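The values are calculated or read from the model by the stated rules, or taken from the named source; none is laboratory data. Bear in mind that the values here come from a model prediction, so they are computed numbers and not experimental data. Reconstructed Cβ throughout: ideal geometry from the backbone, glycine too, with neighbour counts over all protein chains shown. Please note that ligands, DNA and RNA were not included when accessible areas were found on the heavy atoms of the full protein model with its side chains. Shrake-Rupley method; radii C 1.70, N 1.55, O 1.52, S 1.80 Å.
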Protein chains: 2
Amino acid sequence: MAVTLADVAARAGVSSATVSRVLNGNYPVAGSTRERVRRAVAELDYVVNGQARALAAASSDLVGVLVNDVADPFFGLIASALQREIAAGPGRLPGDGKLAVVCNTGGSPEAELTYLTLLERQRAAGVVLTGGAVEDRQHTAAVTARLARLAASGTRIVLCGRPPLPDAGAEITTIAFDNRGGARRLTEHLLSLGHRRIGCVAGPLERSTTRHRLEGHRAALAAYGLAPEVAAGEEFRDLPGRPVVHGGYDRSSGYDGALELLRKDPAVTAIVAANDTAALGVCAALRDRGLSVPGDVSVAGFDDLPFSVDAAPALTTVRIPLQEAGARAGRLVLGRSAPPPGAMATVATELMVRGSTAPPSGSAR
Amino acid sequence: MAVTLADVAARAGVSSATVSRVLNGNYPVAGSTRERVRRAVAELDYVVNGQARALAAASSDLVGVLVNDVADPFFGLIASALQREIAAGPGRLPGDGKLAVVCNTGGSPEAELTYLTLLERQRAAGVVLTGGAVEDRQHTAAVTARLARLAASGTRIVLCGRPPLPDAGAEITTIAFDNRGGARRLTEHLLSLGHRRIGCVAGPLERSTTRHRLEGHRAALAAYGLAPEVAAGEEFRDLPGRPVVHGGYDRSSGYDGALELLRKDPAVTAIVAANDTAALGVCAALRDRGLSVPGDVSVAGFDDLPFSVDAAPALTTVRIPLQEAGARAGRLVLGRSAPPPGAMATVATELMVRGSTAPPSGSAR
DNA sequence: CTGTTAGCGCATTCAA
DNA sequence: TTGAATGCGCTAACAG
């Protein structure tokens, strides 16, 4: 049987309440008593029962972090920074610090809801949802309802890298990424190099991240008169004429997507990928087709994941400060930093021009 | 205030015990009663309180997964597969399924112990420790003691990718990686290509993974008569004469390590890196020094992380089936699969020869 | 400053 | 098949 508070109390010759006070340090206790209790704790190798504590105090030291895929560096970087932030730091008590529960949804809406239930059941202190949202009215409503309830019961909610949930009340803080702006600058870069037939190997259309990146892309094209403007409020849709294919955010989606794109439009001189991982797949497909990057086709990624700089050629991409965002989400979910005005902050993105993009081959006239 | 069992019971016109029975389904309840309870649960949006349940039942649905760094794909792949395995699957009840708590130790022994305390406090159902261990007698003893206590209190312990803990009793199952064999085959590959001056940009010497890989490396050299055999039981140590430098498992360690290595021994024709990530850094350093890979220097990695195939040139490396290992660890920690004989299994590694290794330039005679 | 007393919400006896 | 009663280990009033 495990050692309990009562055992420690007996050993130290005090009441269990006193032991509790010493442990939590939130109440005055005489120095000598404290010493005696400390010794008893050490001698018995006592470890608090978190469940009992949580039950009695109606609080918990669990923070849930929902990610699409831990194995994806995009989420890994966010989660890692977040966890570093909420774990016990140097100045804080040992054993203080929250436990981050990293939950892999695999991008599945059902898994997302399941994990939210599990976290609600654990009375989590906070929940952070990372990455793009699935844009399905019904699912959004379900998530919103769940989050609203969690927030109402005192759980802090932070959205990191996903659009705000307007109907969920002001309880929910959002850290959004400027995917639209980044994508726009990226496409402008390609246009300024002289590219006119730019293909997209995009992510799944139902994800907000995909949509925002495509909107940015379209805005750049529109500025060059190559596509109609998208009116505000209008639902986004792929233009029938344009070379766009959809897939996942993984390498093989990039590979397959590039092949499909070349089939649809063999004349593309540049390809914008869903993210860096997919861009690697695009490059591999082009290589296998005997096309050189950027000689025959320029390729651009997104996110600026660590390996992008080591790809061949190094990937032109859009940098998102994932670690900073994760750390900030960590501070917010602990209530250690004040929410931004409007409960919403947008993280800027930065165009990183590298070797995978160049003027189209015909442009050396 | 949150809805409790009692609320549901009142609504359904039964006792709370009955509701509990319906929820857990481990006791006969009349069909009509069950239906009534189910409806009350749904109407009230009731969610079990995990803490209270755990306290009363003396069990929990948390599984701790200790990793050095979530942002590192090595750990990401293990954690992702593990979590997929322990989460509620299709055939299982919704709300069943354990929560994986991924804990980032950052490679720090103190953090490792802190997290073990936190998990013990949560009365975790299981704990998986992944990746190489820090080989410090005192720390090993402390971890062993902690794990033995956890095991004694019913927590299942699995070691994944780290050597077995002999003194901890048979309660602990180990899934070890054959780092030694893989490293040996890798070095043999280089030797068979004709390399004789092979440098190592290794990981931290105090980590078991580093040591095992260096031992395999040395064994290959010894087989070619290029280094003395290491006697069994002898403590491993770097040979004074050999070009070996130590660093971390990250890219910049690889970069810095390669520069240092070139300073120590400009004549190396091949470099074995701590892992693939470090290998990318090594390649970058060589490139910056005007050396070509594999023209001037061959480079090899370890782990076969996803990006290795897209590096320029593609990395020769040693594949570890991380996902399979993670999934297996998941099954073991749930007790869903029987432990291997001797409570220990070794996962085979496989040499992957790609473009980053070639015969030394002088060998074309 | 310290001890006593009630629960926190649930699972699980023991009766009925 | 169901209900009443008890306790899991701890925190938080409330006294002293």
Problem - Filter result (within 6 Å of DNA strand D (Cβ to nearest atom) and of a type in the set (A, V, I, L, M, F, W, C)) within region B:10-33 - result: B:Val14, B:Ala17, B:Val29, B:Ala30
Completion exercise
Within region A:317-345, the residues that are closer than 24 Å to A:Gly199 by Cα and open to solvent by 20 Å² or more (accessible area, probe 1.4 Å) are A:Arg319
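If you scan region A:34-57, which residues turn out to be without any contact (Cβ under 8 Å) to a residue 24 or more places away in the chain and near DNA strand D (Cβ under 9 Å from one of its atoms)?
Scanning region A:34-57 gives A:Gly50, A:Gln51, A:Ala52, A:Arg53, A:Leu55, A:Ala56, A:Ala57.
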Problem - Filter result for A:Glu110 (touching a Leu at 6+ places or on another chain (Cβ under 9 Å) and either within 9 Å of another protein chain (Cβ to nearest Cβ) or open to solvent by less than 40 Å² (accessible area, probe 1.4 Å) (or both)) - result: no
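Taking the stated definitions as given, is B:Asp304 open to solvent by 10 Å² or more (accessible area, probe 1.4 Å), outside the structural domain of B:Ile157 (by TED's automatic domain parsing) and at positive phi?
Numbers: open to solvent by 10 Å² or more (accessible area, probe 1.4 Å): yes; outside the structural domain of B:Ile157 (by TED's automatic domain parsing): yes; at positive phi: yes.
In short, yes.
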Exercise for the section: Working only within region B:125-161, note down all residues that are part of a loop (DSSP other than H, G, I, E, B) and buried (at least 20 other Cβ atoms within 10 Å of the Cβ). Expected result: B:Ala125, B:Gly131, B:Gly132, B:Ala133, B:Thr155, B:Gly161
Practice task
Go through region A:15-37 and give me each residue that's more than 12 Å from DNA strand C (Cβ to nearest atom) and touching a helix residue (DSSP H, G or I) at 6+ places or on another chain (Cβ under 7 Å).
Solution key: none
Practice task
Give region A:123-142 a look and list any residue that's small (Gly, Ala, Ser) and away from chain B (no Cβ under 13 Å), or say none.
Solution key: A:Gly126, A:Gly131, A:Gly132, A:Ala133, A:Ala141
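Just to verify a result, which residue in region B:27-85, among those that are of a type in the set (Ser, Thr, Tyr) and either within 10 Å of chain A (Cβ to nearest Cβ) or in a helix (DSSP H, G or I) (or both), is surrounded by the most Cβ atoms within 10 Å (Cβ to Cβ)?
So the first thing to find is which residues in region B:27-85 are of a type in the set (Ser, Thr, Tyr), and the list is B:27, B:32-33, B:46, B:59-60, B:80.
Imposing the further condition that a residue be either within 10 Å of chain A (Cβ to nearest Cβ) or in a helix (DSSP H, G or I) (or both) reduces the set to B:32-33, B:59-60, B:80.
On the way: B:Ser32: 8, B:Thr33: 16, B:Ser59: 13, B:Ser60: 23, B:Ser80: 28.
Top of the filtered list is B:Ser80.
Yes/no per residue for (1) assigned by TED's automatic domain parsing to the domain that holds A:Ala329; (2) touching a residue at least 24 places away in the same chain (Cβ under 8 Å); (3) closer than 20 Å to A:Ala227 by Cα; (4) under 22 Å from the mean Cα position of the chain (by Cα):
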| site | (1), (2), (3), (4) |
| --- | --- |
| A:Ile157 | yes, yes, no, yes |
| A:Thr173 | yes, yes, no, yes |
| A:Leu186 | no, yes, yes, yes |
| A:Leu191 | no, yes, yes, no |
| A:Gly194 | no, yes, yes, no |
| A:Arg197 | no, yes, yes, no |
| A:Cys200 | no, yes, yes, no |
| A:Glu206 | no, yes, no, yes |
Completion exercise
Quick count over region B:308-341, residues being under 18 Å from the mean Cα position of the chain (by Cα) and among the small types (Gly, Ala, Ser), is 5
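Which one of A:Ala284, A:Ala314, A:Ala274, A:Ala278 is touching a residue at least 24 places away in the same chain (Cβ under 8 Å), surrounded by fewer than 18 Cβ atoms within 10 Å (Cβ to Cβ) and outside the structural domain of A:Thr130 (by TED's automatic domain parsing)? Please lay out each step first, then the result.
Details: A:Ala284 fails: surrounded by fewer than 18 Cβ atoms within 10 Å (Cβ to Cβ); A:Ala274 fails: surrounded by fewer than 18 Cβ atoms within 10 Å (Cβ to Cβ); A:Ala278 fails: surrounded by fewer than 18 Cβ atoms within 10 Å (Cβ to Cβ).
After ruling out the rest, the residue left standing is A:Ala314.
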Exercise for the section: Answer yes or no as to whether B:Glu120 is assigned to a helix (DSSP H, G or I), more than 10 Å from chain A (Cβ to nearest Cβ) and of a type in the set (D, E, K, R). Expected result: no
Fill in the blank from the handout: In the set A:Arg38, A:Arg21, A:Arg34, A:Arg53, the lone residue that is at pLDDT 90 or above and farther than 24 Å from B:Leu116 by Cα is A:Arg34
Completion exercise
Of those in region B:214-245 that are touching a strand residue (DSSP E or B) at 6+ places or on another chain (Cβ under 7 Å) and in a helix (DSSP H, G or I), the residue surrounded by the most Cβ atoms within 10 Å (Cβ to Cβ) is B:Leu214
Handout entry: Condition broken by B:Val102, with the remaining ones in (1) β-branched (Val, Ile, Thr); (2) away from chain A (no Cβ under 12 Å); (3) within 16 Å of the chain's Cα centre (by Cα) satisfied
Key = (2)
